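Peer 1: Right, I'll just put the structure down here and ask away after.
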Amino acid sequence: MATETTAGADAAAAPMMRLEGVVRDYASGARRVRALAGIDLEIPRGQFAVLMGPSGSGKSTLLHVLGCLDVPTAGRYWLDGIEVTALPDAGLVAMRRHKLGMIFQAFHLVGRLTALRNVELPMVFAGLRPAERRRRARASLEAVGLGHRIEHRPDELSGGECQRVAIARALAMRPPVLLCDEPTGNLDSASGAEIMRLIDGLHDAGHTIVLVTHDPSLARVGNRLIRIRDGRIEADEPGDKR
């Protein structure tokens, strides 16, 4: 029993995400392009980290590696104590499904489906029963302030509302980590500010958050700012959130 308790405490104390020497190369014609050039990084549980860098810096590639959407060419990655780089494809799918919620700039909603059905989608793939799917989807939409819009399709919603549906979908499987790729990039300033307040509230509720942005006004919204250039971490600074 003591051994099990110690193991559980060790897992809880470990970083939520840890990368060691992560390299990602791509083929570009006859050339090899190095998008990540040996990244060492730890993201503690409950942290709100912002990734910034110019176009082509490697920040989106890094987010895709963290999100188990891309596999490193070399190096190792642990997510919630599990070495992701040692997992088969089915294991990567399971990690994405249960550990990670993804929020994208382009929303990626299915146009013919209502907000409720869009939020249900990841739970369909996870095999949850219809009644449980509907219950969770309604609760997620209510949590982002869209309980009154559950039967509306994306073309009947504003950009800010579409992004809130996407956030509700990311929350549906109750993941501990939210990865946000330019979540305000397609929104006007007022809607963007609303979405950032929502993401900040999710961090306060206990989620670990990694947010990619090129917007200088969002650089220090979290409690850590990681600047990336040429596939390397150029600077690692505290954010304004305490």
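Peer 1: Anything in the range 27-49 that is exposed (fewer than 13 other Cβ atoms within 10 Å of the Cβ) and either of a type in the set (S, T, N, Q) or part of a strand (DSSP E or B) (or both)? List them, or say none.
Peer 2: Those that are exposed (fewer than 13 other Cβ atoms within 10 Å of the Cβ) and either of a type in the set (S, T, N, Q) or part of a strand (DSSP E or B) (or both): Ala27, Ser28, Arg31, Arg32, Val33, Asp40.
Peer 1: When the residues of the range 185-202 are filtered to those that are over 18 Å from Ile43 (Cβ atoms) and touching a residue at least 40 places away in the same chain (Cβ under 8 Å), which remaining residue is surrounded by the most Cβ atoms within 10 Å (Cβ to Cβ)?
Peer 2: Looking at residues that are over 18 Å from Ile43 (Cβ atoms) and touching a residue at least 40 places away in the same chain (Cβ under 8 Å), I get Leu198.
Peer 1: Here is a further query. Which of the residues belonging to the range 78-130 are of a type in the set (Gly, Ala, Ser), more than 18 Å from Gly160 (Cβ to Cβ), free of Cβ contacts under 8 Å to residues at least 60 places away in the same chain and outside any helix (DSSP H, G or I)?
Peer 2: Result: Gly127, single match.
Peer 1: I want to confirm something. Restricting to the range 110-122 and keeping residues that are within 15 Å of Ala168 (Cα to Cα) and over 19 Å from the mean Cα position of the chain (by Cα), which single residue is surrounded by the fewest Cβ atoms within 10 Å (Cβ to Cβ)?
Peer 2: Val110
Peer 1: Please pick out the residue among Phe104, Phe125 that is within 30 Å of Ala35 (Cα to Cα) and either buried (at least 20 other Cβ atoms within 10 Å of the Cβ) or within 19 Å of the chain's Cα centre (by Cα) (or both).
Peer 2: When all the criteria are applied, what remains is Phe104.
Peer 1: Residues that are more than 18 Å from His64 (Cα to Cα), in contact with a Lys or Arg (Cβ under 7 Å, 6 or more places away or on another chain) and buried (at least 16 other Cβ atoms within 10 Å of the Cβ): does the range 145-152 have at least one?
Peer 2: Yes, the range 145-152 has at least one match.
Peer 1: Taking the range 194-208, which residues are more than 13 Å from Gly159 (Cβ to Cβ) and outside any loop (DSSP other than H, G, I, E, B)?
Peer 2: Within the range 194-208, Met196, Arg197, Leu198, Ile199, Asp200, Gly201, Leu202, His203, Asp204, Thr208 qualify.
Peer 1: Let me ask something else about it. Based on what the data block shows, is Ala90 crowded, with 19+ Cβ neighbours inside 10 Å, over 19 Å from the mean Cα position of the chain (by Cα) and of a type in the set (A, V, I, L, M)?
Peer 2: It is false that Ala90 is crowded, with 19+ Cβ neighbours inside 10 Å, over 19 Å from the mean Cα position of the chain (by Cα) and of a type in the set (A, V, I, L, M).
Peer 1: Being modelled with pLDDT of 95 or more and touching a Gly at 6+ places or on another chain (Cβ under 6 Å): is that true of Leu178 here?
Peer 2: Yes: the conditions hold for Leu178.
Peer 1: If you don't mind, another one. Among the residues of the range 117-140, write down those that are in contact with a Leu (Cβ under 7 Å, 6 or more places away or on another chain) and hydrophobic (A, V, I, L, M, F, W, C).
Peer 2: Val119, Ala137
Peer 1: Ok, one more. Kindly indicate the residue of the range 203-217 that is of a type in the set (A, V, I, L, M, F, W, C) and crowded, with 22+ Cβ neighbours inside 10 Å and also farthest from the chain's Cα centre (by Cα) among those meeting that condition.
Peer 2: Across the range 203-217, the extreme among qualifying residues is Val212.
Peer 1: Which one is modelled with the highest pLDDT, of the residues in the range 204-229 that are touching a Lys or Arg at 6+ places or on another chain (Cβ under 8 Å) and under 16 Å from Ile103 (Cβ atoms)?
Peer 2: Thr208
Peer 1: Determine if the range 62-72 includes at least one residue that is without any contact (Cβ under 8 Å) to a residue 60 or more places away in the chain and not in a loop (DSSP other than H, G, I, E, B).
Peer 2: yes
Rundown of residues vs (1) modelled with pLDDT of 95 or more; (2) farther than 20 Å from Gly201 by Cβ, yes/no style:
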| position | (1), (2) |
| --- | --- |
| Phe104 | no, no |
| His108 | no, yes |
| Thr114 | yes, yes |
| Val119 | yes, no |
| Pro122 | no, yes |
| Phe125 | no, yes |
| Gly145 | no, no |
| His148 | no, no |
| Glu151 | yes, yes |
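The values are calculated or read from the model by the stated rules, or taken from the named source; none is laboratory data. Keep in mind that this is a model prediction, so the values were computed, not measured. Backbone-built Cβ (ideal geometry, glycine too); neighbour counts: all protein chains shown.
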